[in-house]
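The values are calculated or read from the model by the stated rules, or taken from the named source; none is laboratory data. A quick note: this is a predicted structure, and the numbers were derived from the prediction, not measured. We place every Cβ from the backbone using ideal geometry, glycine too, and count neighbours over all the protein chains shown. Heads up: the accessible areas ignore ligands, DNA and RNA and are worked out on the full protein's heavy atoms, side chains in. Shrake-Rupley method; radii C 1.70, N 1.55, O 1.52, S 1.80 Å.
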Amino acid sequence: MSRLKRSDRPYDIVLFGATSFAGALTARYLAEHGPDDLRWAIAGRNEDRLRALRDRLPEGTEVGVLTADVRDPDSLRALAGHARVVATTVGPYLTYGEELVAACADAGTDYLDLSGEPEFVDLMYVRHDARARETGARLVHACGFDSVPYDLGAWFTVRQLPEGVPLTVDGFVTADAMFSGGTFASALNQMARGRQMAAAARDRSRHEPRLVGRRAAAPTGTPRYAPEVGAWALPLPTIDAQIVRRSAKALERYGPDFRYRHYAAVRRLPVAVGGVAAVGALFAAAQVPPARRWLSGRVRPGDGPGPEKRAKSWFSVRFVGEGGGRRVFTEVKGGDPGYDETAKMFAESALSLAFDDLPETSGQVTTAVAMGDALIERLRRAGITFRVAATR
């Protein structure tokens with residue numbers, strides 16, 4: 001659990017950005033599913049909106065209200081000093097996130113976010129990993145649909161395979177859901193920053209310790225028909241494969257030579273071709289500032305679907321793992337990935353850091369490295385499926 005004793009800080013968890021769409025769902029989840037003795041607070045820059053959110057939570061919820069602003073570093077340092085764990089939904093993180101990471105690294109406070117922004121995650125490693133290791137803070141990015149199902153799903157799959165042998169895992173994602181305005185804004189921002197993103201990745205590689213005696217790779221695959229899942233497999237250029245690779249570098253259980261590939265699975269070829277064309281058009285538009293601004297205005301951060309739409313949404317990630325003469329098929333699946341399940345993953349990640357008996361880690365770590373099996377069990381109890389579908 002958190003190295004900080006409960007008596008060291010007034011709150012176990014502080015949820016920053018609680019009045020955002022994802023933040024409000026996370027607050028409700030904590031109110032409904034947190035332990036009875038959970039000491040927590042909601043935080044943001046607008047006290048009136050925070051108090052209105054508190055009034056909408058289930059009757060009897062005891063939650064503090066803290067004000068802080070991303071433009072006021074002193075307020076963020078005060079926030080970090082009040083909590084054992086800070087969980088933030090305030091993005092795009094490249095624009096609004098660094099000061100809180102720095103504050104948590106300095107204070108020895110565990111930090112979580114929902115960032116799927118590779119540039120941000122790489123910059124935070126270079127700038128704040130060393131300080132977090134000194135203070136014992138765990139900095140855990142991508143604690144929602146990016147990238148919990150893939151990171152923990154790959155770890156779950158590896159655990160079904162022999163030890164000490166080369167392993168390969170392929171992940172195939174299918175989903176029927178809407179994603180948040182904040183997620184869309186972050187994706188557009190990253191598409192427009194290809195040069196900066198590549199520079200941040202190179203800088204990170206210069207600072208990371210080299211892996212000795214083992215290999216871990218996450219190559220970008222090529223579009224193909226995947227008979228193992230009966231679908232067309234389209235490579236996904238998201239942060240998820242990078243997160244899986246970092247877990248594999250950190251944990252010897254992934255074997256001496258590990259490879260992960262990450263795909264969207266599409267049943268029909270015309271849909272697959274259309275999807276590739278749509279992503280290409282979106283990428284091209286993101287390079288033109290007026291077009292990017294127009295697209296950003298179509299779905300604003302904070303926008304999201306209603307309960308009925310979310311209730312019909314779902315996701316499934318099927319994994320195919322091989323090694324040591326064994327082949328295993330596993331699956332991680334759940335409901336609405338963009339909102340309800342993301343709030344569940346995010347809240348349970350915070351609760352795991354605050355209360356579970358976890359491995360000794362610090363600095364920038366992944367969910368598999370920091371929480372691993374403990375978080376899988378939490379998510380299973382919360383209704384997200386982790387299962388072995390078949391072995392050969």
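Key figures for this structure:
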{"read-out": "Out-of-range pairs (alpha-carbon distance over 21 Å; input LYS5/LYS344; LYS249/LYS333; LYS309/LYS333; LYS249/LYS344)", "value": "LYS5/LYS344; LYS249/LYS333; LYS249/LYS344"}
{"read-out": "Tilt relative to the chain, helix 98-107 - C-alpha long axis, 0 to 90 degrees, to 10", "value": "70 degrees"}
{"read-out": "Accessible surface of TRP232 - all protein chains present, 1.4 Å probe, nearest 10 Å²", "value": "80 Å²"}
{"read-out": "Per-residue SASA entry for HIS33, accessible area with 1.4 Å probe, Å² rounded to 10", "value": "100 Å²"}
{"read-out": "ASP257 paired with ARG214, simple spin-label distance in nm, labels 7 Å along Cα-to-beta-carbon", "value": "1.6 nm"}
{"read-out": "Probe 1.4 Å - accessible area at GLU331, Å² to nearest ten", "value": "20 Å²"}
{"read-out": "Expected 222 nm ellipticity per residue - DSSP helices of 4 or more, -39500 (n - 2.57), all of the chain, to 500", "value": "-13500 deg cm²/dmol"}
{"read-out": "Centroid-to-centroid separation of segment 91-154 and segment 347-392 [C-alpha atoms, Å]", "value": "17 Å"}
{"read-out": "Crossing angle, helix 21-33 versus the chain [Cα axis fit, 0-90 degrees, rounded to tens]", "value": "80 degrees"}
{"read-out": "Spin-label model distance (nm) - ALA390 vs ARG51, 7 Å beyond Cα toward Cβ", "value": "6.0 nm"}
{"read-out": "Ranked order, VAL332, VAL126 - accessible area, probe 1.4 Å, largest first", "value": "VAL126, VAL332"}
{"read-out": "Candidates ALA52, ALA142, ALA105: whichever shows maximal mean-square fluctuation once the chain is modelled as a Gaussian network with Cα springs under 10 Å", "value": "ALA52"}
